[in-house]
Amino acid sequence: VGDTFFHPHAPVSSLDHSQSEWLQQASDPAISRQIIALRHLQFHDHADSPQLQVIVDKLRSTERSVLLHAIAAAERIKTKNEDVVDELRMLLNHRDNEVRAKAICTLARFAALDETSIDVAARMLDDPQRFLAFSGLVALTSIDQLPDRVMPAVDRGLIRSLQTCDYDLVGMFSAGFHHWLDDPESHYRKLLQEENREYLDVALEVLESAQQ
């Protein structure tokens, strides 16, 4: 046996794996190995690919870190897969806020928001944690027609963003209103004219900028 100190073996890259090896590693008991495997999966269009089956399985994981990386991996899928969508919708009831936020954004990316998902997104707008409100707004701005039942939550979110001077969110709301309504300016004037008159000018300014 040679002296490996003076004649070291060439380093073997643990990341130089085939897809079949990554699939095998995704089932490794070690959480870290599962996560690395998830980051290296490549997806194809056919619905019965083993990579997609791994994602569906990992979206049911009880390990938070695995779950979050599975959602991130799902975002890389090129075409909407109904099994993945079903699992993502289930995660909207998850106790972890970050899991719910990432799941709703991924559903929006796939244009897969059903009525329940829309209601979840609307409730997120009322959450004091900004990243949840942001995620809910990202989801809602992905749909063409905003249901009347969620408009009050969107209005409250806009007013709250104006009150906290969060103009990034105000801009997102304004872009959304341009998307949802034929006459967003009239909506802003009606909403802010009385109780929140001090925010009307800046709101209209941001609304105009969002149209450009």
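Summary table
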read-out	value
Any hit, the range 176-188, residues being of a type in the set (S, T, N, Q), out of contact with any His (no Cβ under 9 Å at 6 or more places or on another chain), closer than 18 Å to Leu146 by Cα and crowded, with 16+ Cβ neighbours inside 10 Å	no
Single residue of the range 156-175 satisfying the filter (aliphatic (A, V, I, L, M) and open to solvent by 40 Å² or more (accessible area, probe 1.4 Å)) that is nearest to Ala121 (Cα to Cα)	Met172
Set Pro128, Pro152: member being free of Cβ contacts under 8 Å to residues at least 12 places away in the same chain, open to solvent by 10 Å² or more (accessible area, probe 1.4 Å) and either outside any helix (DSSP H, G or I) or over 25 Å from Asn196 (Cβ atoms) (or both)	Pro128
Complete set of residues in the range 203-212 that are out of contact with any His (no Cβ under 8 Å at 6 or more places or on another chain), open to solvent by 40 Å² or more (accessible area, probe 1.4 Å) and not charged (D, E, K, R)	Ser209, Gln212
Any pair with Cβ under 6 angstrom, 6 or more apart, that starts in the range 159-187 at a residue that is on the phi > 0 side of the Ramachandran plot and ends at one that is surrounded by fewer than 17 Cβ atoms within 10 Å (Cβ to Cβ)	none
Criterion: out of contact with any helix residue (DSSP H, G or I) (no Cβ under 9 Å at 6 or more places or on another chain) and assigned to a helix (DSSP H, G or I) - qualifying residue of Ser174, Ser186, Ser209, Ser135	Ser186
Residue match in the range 150-159 (condition: over 26 Å from His178 (Cβ atoms), modelled with pLDDT of 95 or more and touching a Phe, Trp or Tyr at 6+ places or on another chain (Cβ under 8 Å))	no
Number of the exception - Tyr167 against (1) of a type outside the set (Gly, Ala, Ser); (2) under 18 Å from Gln145 (Cα atoms); (3) within 28 Å of the chain's Cα centre (by Cα)	(2)
Residue count, the range 90-101 (criterion: within 15 Å of Val56 (Cα to Cα) and either acidic (Asp, Glu) or open to solvent by 70 Å² or more (accessible area, probe 1.4 Å) (or both))	1
Given (1) open to solvent by 80 Å² or more (accessible area, probe 1.4 Å); (2) in a helix (DSSP H, G or I); (3) charged (D, E, K, R), index of the condition Asp119 fails	(1)
Phe110 vs. criteria within 15 Å of the chain's Cα centre (by Cα), open to solvent by 60 Å² or more (accessible area, probe 1.4 Å) and of a type outside the set (D, E, K, R)	no
Hits in the range 168-202 (condition: in contact with a Ser or Thr (Cβ under 8 Å, 6 or more places away or on another chain) and under 17 Å from Ala133 (Cβ atoms))	Leu169, Val170, Gly171, Met172, Phe173, Ser174, Ala175, Gly176
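Residue-wise test of (1) closer than 18 Å to Leu137 by Cα; (2) open to solvent by 30 Å² or more (accessible area, probe 1.4 Å); (3) β-branched (Val, Ile, Thr); (4) more than 14 Å from the chain's Cα centre (by Cα).
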residue	(1), (2), (3), (4)
Leu23	no, yes, no, yes
Ile35	no, no, yes, yes
Leu52	no, no, no, yes
Asp57	no, yes, no, yes
Glu63	no, yes, no, yes
Ala103	yes, no, no, no
Glu115	yes, yes, no, yes
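The values are calculated or read from the model by the stated rules, or taken from the named source; none is laboratory data. What you see is a predicted model; the values in this text were computed from it and never measured. Neighbour counts run over all protein chains shown; Cβ positions are idealised from the backbone, glycine included. The protein model used for the area step is the full one, side chains on, heavy atoms only, and it has no ligands, DNA or RNA in it. Shrake-Rupley method; radii C 1.70, N 1.55, O 1.52, S 1.80 Å.
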